[in-house]
1. Let me have the 222 nm mean residue ellipticity of the chain computed from DSSP H runs of 4+ only, each contributing -39500 (n - 2.57), with the sum over all residues rounded to the nearest 500.
2. I need the GluC sites (Glu not before Pro) found in the range 45-151, filtered to DSSP loop residues with at most 16 other beta carbons within 10 Å of theirs.
3. In degrees from 0 to 90, rounded to the nearest 10, what is the angle of the helix 3-15 Cα long axis to the longest principal axis of the chain?
4. Translational diffusion coefficient, Stokes-Einstein: compute it for the range 43-151 using the Kirkwood radius over C-alpha pairs as Rh, at 10 °C and 1.306 mPa s, and state it as an integer in µm² s⁻¹.
5. Can you tell me the Rg and Dmax of the range 78-136, counting just the alpha carbons, in angstroms?
6. Just the number, please: carbon plus sulfur as a percent of the accessible area of the chain, 1.4 Å probe, no ligands or DNA/RNA counted.
7. Would you give the gap between the C-alpha center of the range 79-151 and the C-alpha center of the range 20-41, rounded to a whole Å?
8. Compute a Gaussian network model of the chain, connecting alpha carbons closer than 10 Å, and tell me which residue from Ser139, Ser74, Ser30 fluctuates the most.
Amino acid sequence: MNIGALGSMLLVSLVLSVSSQAGPFTDDLSKCLVRSTSDHEKGQLARWVFAAMSSHPQVADLSDVDKREASAISKTAANIFVDLLAVKCRDPARQALQYEGEQTIEASFEVLGEVAMQALMSDPSVSTFIEEMAGYVDSETLGQALQPTPQ
């Protein structure tokens, strides 16, 4: 399996929610990943996702992650990734790959990403920031636009 492709799959899995039918081995691997990842490790994976996303030109001005720090964050995420698949969840990972294919890694890390993001999103400071947007929504315009069309 290509290491660069694994990194790309991990990023996509942690950020996007791809609806897919998971088989029993993918379910087992997903459960193992979630159960075996500490809150600290989930936070480290979230830092990696943030750093990766902040490299996009449209949002780069919102973050100041220098190259040395980005490398350290990537190394930490890679170590967590390897530890989860090669040590903590080795047997479920082997079985999932054998019986359900490489997409099981992506699907399983997607579940882990969702759990990690839920923990971040439930923080009061994040909730307050997200709720602030509601104060800027033009409810009247939105309500009128979403009215059912008379038949």
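1. -22000 deg cm²/dmol
2. Numbers: sites: Glu69, Glu100, Glu102, Glu106, Glu110, Glu114, Glu131, Glu132, Glu140; in loops: Glu102.
Sparse-neighbourhood loop GluC sites (Glu not before Pro): Glu102.
3. Between helix and principal axis, roughly 40 degrees.
4. Numbers: Rh = 17.5 Å.
Diffusion coefficient, whole number: 91 µm²/s.
5. Reported Rg and Dmax, both Å: 16.7, 51.
6. Working: 5900 of 10270 Å².
Ligands and nucleic acids excluded, carbon and sulfur give 57 percent.
7. Value for the Cα centre distance between the two parts: 14 Å.
8. With Cα springs under 10 Å in the chain, the top fluctuation among Ser139, Ser74, Ser30 is at Ser139.
The values are calculated or read from the model by the stated rules, or taken from the named source; none is laboratory data. Here the structure is a predicted model, which means the values were calculated and not measured. We place every Cβ from the backbone using ideal geometry, glycine too, and count neighbours over all the protein chains shown. Ligands, DNA and RNA are excluded from the accessible area calculation, which covers all protein heavy atoms including side chains. Shrake-Rupley method; radii C 1.70, N 1.55, O 1.52, S 1.80 Å.
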